[in-house]
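Below: the structure, in structure tokens.
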Amino acid sequence: MDRSDSAPKVLVTGGAGYIGSHAVLELLGAGYPVVVLDNLSNASPESLVRVAQLAGKPAPLVVGDIRDATLLRELLAREKVSAVLHFAGLKAVGESVEQPLAYYENNVGGTTTLLTCLAEAGVRRLVFSSSATVYGDPSEVPVPVDAPLAPSNPYGRTKVMIEEILGDLARSDPRWSIAILRYFNPVGAHPSGRIGEDPRGIPNNLMPYVSQVAVGRRAELAVFGGDYATTDGTGVRDYIHVLDLARGHVAALARVLEHAGAFTVNLGTGRGHSVLEIVRAFEAASGRSIPYRIVDRRPGDIAQCYADPRSAADLLGWEAALDLESMCVDAWRWQSRNPQGYSGT
Ligand code: NAD
Ligand code: UFG
């Protein structure tokens, strides 16, 4: 649906990053004009150059920080946005254990600054990127959205704290309209092969690591643990195509534009895949072999986690449509055409 000139403008914090850039493309395709605010601490501006090319529409970037209230006030006075997709944040679990203050300051402090400036500007519609990490080691799978919250690291605690702040805000003023989206494991890339995940340094996450082994940037995959109580002993997760996630944001945005109040949903497929299943699926998609070695468990990892996504179907009419094969085919297209990510351009 193209909403053309009358469509509400959307501020996308962290929109130059992996998930944000795919969401910006989906927003533009749905007819929403955007403005991105990103400090480029974990992204390249090239992602948005390519998004604009793919969309045939502008994807303007303001390079700046959500902790900068002066800049936010100027931006909100100038841009007249109606809603915000809030992706900006730090996301590396291990780094959050080593540098907790950086995580609380950036993620929690940045969000309170953003919310204060939004309230001042009268912008009270927000979609927030939360994470399945809020459940910690889940008490049951598939994980229902009302499962107990038990984050096990500072990164996860920033997400729970922000969720609580957003709940308090919605209770304090009924004009706020807030969607909290708990993503499971986002993977894959836009099928054009033009935008995708481009982690700095050694990837922490499975799919980018596997992609880099397939393309020859890394020698072999270390599989963290082969003795979990799962089908083949390796960890099981709910991998979700980033395009499905992007569609979920547009659905959540449509809801926050129409209904006040706060709601929380899981965005996952409802299916779990083991590490070895991912390796086999990626080998099939890429035609490359992925050498691997089973090593010790990674501290803090859990055996399995996959979503009960029914709340998203009920509230948003959304469900994931793309399967593991598409996730791997699209991740490989991106990786093989951009072996060094955006820095190769
Ligand atoms: P990403 O690092 O690619 O994107 C985050 C973006 O935010 C980056 O472009 C970064 O430069 C920007 N940023 C960070 N701090 C900022 C600040 N203070 N001001 C302005 N910009 C800032 O990560 P992603 O994978 O696209 O994740 C997006 C969001 O989704 C994050 O909030 C993350 O915690 C959450 N999330 C990610 C995953 C995942 O596995 N990728 C899972 C669950 C939730
Ligand atoms: N794994 C390996 N080798 C690797 C990397 C990962 O075997 O090199 C395994 C892990 O042990 C786990 C699975 O692959 O079993 C997935 O690991 P990821 O690091 O890709 O994902 P996690 O589920 O551990 O964590 C991710 C994000 C968290 C987020 C969580 C839920 O890193 O920030 O998904 O959204 F909270």
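The values are calculated or read from the model by the stated rules, or taken from the named source; none is laboratory data. What you see is a predicted model; the values in this text were computed from it and never measured. Neighbour counts are summed over all protein chains in view; Cβ atoms, including those assigned to glycine, are modelled from backbone coordinates with ideal geometry. When the accessible area is computed, the model is the full protein with side chains, heavy atoms only, and any ligands, DNA or RNA have been set aside. Shrake-Rupley method; radii C 1.70, N 1.55, O 1.52, S 1.80 Å.
Could you tell me whether any residue of the range 235-243 is within 11 Å of ligand 1 (Cβ to nearest atom), open to solvent by 30 Å² or more (accessible area, probe 1.4 Å), among the aliphatic types (A, V, I, L, M) and in a helix (DSSP H, G or I)? Scanning the range 235-243 turns up no residue that is within 11 Å of ligand 1 (Cβ to nearest atom), open to solvent by 30 Å² or more (accessible area, probe 1.4 Å), among the aliphatic types (A, V, I, L, M) and in a helix (DSSP H, G or I). Report whether or not residue 24 is farther than 26 Å from residue 182 by Cβ, modelled with pLDDT of 95 or more and among the β-branched types (Val, Ile, Thr). Considered against the rule, which asks whether it is farther than 26 Å from residue 182 by Cβ, modelled with pLDDT of 95 or more and among the β-branched types (Val, Ile, Thr), residue 24 comes out as no.
Determine if the range 164-172 includes at least one residue that is more than 12 Å from ligand 1 (Cβ to nearest atom) and crowded, with 22+ Cβ neighbours inside 10 Å. Before you say what the answer is, go through the steps one by one.
Going through the range 164-172, the residues more than 12 Å from ligand 1 (Cβ to nearest atom) turn out to be 164-172.
Filter once more, so that each one left must be crowded, with 22+ Cβ neighbours inside 10 Å: 166.
Looking for residues that are more than 12 Å from ligand 1 (Cβ to nearest atom) and crowded, with 22+ Cβ neighbours inside 10 Å, one finds at least one in the range 164-172, hence yes.
Residues in the range 252-293 that are in contact with a helix residue (DSSP H, G or I) (Cβ under 9 Å, 6 or more places away or on another chain) and closer than 17 Å to residue 223 by Cα: 273, 275, 277, 278, 279, 281, 282, 283, 289, 290, 291, 292. Quick check on the range 145-162. Is at least one of its residues more than 30 Å from residue 339 (Cβ to Cβ), open to solvent by less than 10 Å² (accessible area, probe 1.4 Å), part of a strand (DSSP E or B) and in contact (Cβ under 8 Å) with a residue 24 or more places away in the chain? For the range 145-162, residues more than 30 Å from residue 339 (Cβ to Cβ), open to solvent by less than 10 Å² (accessible area, probe 1.4 Å), part of a strand (DSSP E or B) and in contact (Cβ under 8 Å) with a residue 24 or more places away in the chain: absent. The residues in the range 280-323 that are within 16 Å of ligand 1 (Cβ to nearest atom), charged (D, E, K, R) and open to solvent by 60 Å² or more (accessible area, probe 1.4 Å) can be counted, and the count is 1.
Name the residue, out of 6, 44, that is among the hydroxyl-bearing types (Ser, Thr, Tyr) and surrounded by 18 or more Cβ atoms within 10 Å (Cβ to Cβ). Sole residue among the options that is among the hydroxyl-bearing types (Ser, Thr, Tyr) and surrounded by 18 or more Cβ atoms within 10 Å (Cβ to Cβ): 44.
Under the condition of being away from ligand 2 (no atom under 15 Å from the Cβ), surrounded by fewer than 23 Cβ atoms within 10 Å (Cβ to Cβ) and in a loop (DSSP other than H, G, I, E, B), which residue from the range 177-202 is nearest to the chain's Cα centre (by Cα)? Out of the qualifying residues, it is 190. Of the numbered criteria (1) outside any strand (DSSP E or B); (2) in contact with a helix residue (DSSP H, G or I) (Cβ under 6 Å, 6 or more places away or on another chain); (3) within 23 Å of residue 132 (Cα to Cα), the one residue 230 fails is (2). Sort out which residues of the range 65-121 are under 20 Å from the mean Cα position of the chain (by Cα) and either under 18 Å from residue 33 (Cβ atoms) or among the acidic types (Asp, Glu) (or both), and write them in order of number. Scanning the range 65-121 gives 65, 83, 84, 85, 86, 87, 95, 105. Residues in the range 113-144 that are without any contact (Cβ under 8 Å) to a residue 24 or more places away in the chain and within 15 Å of residue 308 (Cα to Cα): 139, 140. Regarding the range 76-93, can at least one residue be identified that is within 15 Å of ligand 1 (Cβ to nearest atom), within 19 Å of residue 245 (Cβ to Cβ), open to solvent by 10 Å² or more (accessible area, probe 1.4 Å) and not hydrophobic (A, V, I, L, M, F, W, C)? Yes. Listed by position, the helices (runs of 4 or more DSSP H) inside the range 14-96 whose residues that are closer than 24 Å to residue 344 by Cα and away from ligand 2 (no atom under 16 Å from the Cβ) number at least 2 are 18-29, 46-55.
Residues 329, 256, 242, 279: which one is under 22 Å from residue 25 (Cα atoms) and within 13 Å of ligand 2 (Cβ to nearest atom)?
242
Within the set 252, 179, 246, the sole residue that is within 16 Å of ligand 1 (Cβ to nearest atom), touching an Asp or Glu at 6+ places or on another chain (Cβ under 8 Å) and among the aliphatic types (A, V, I, L, M) turns out to be 246.
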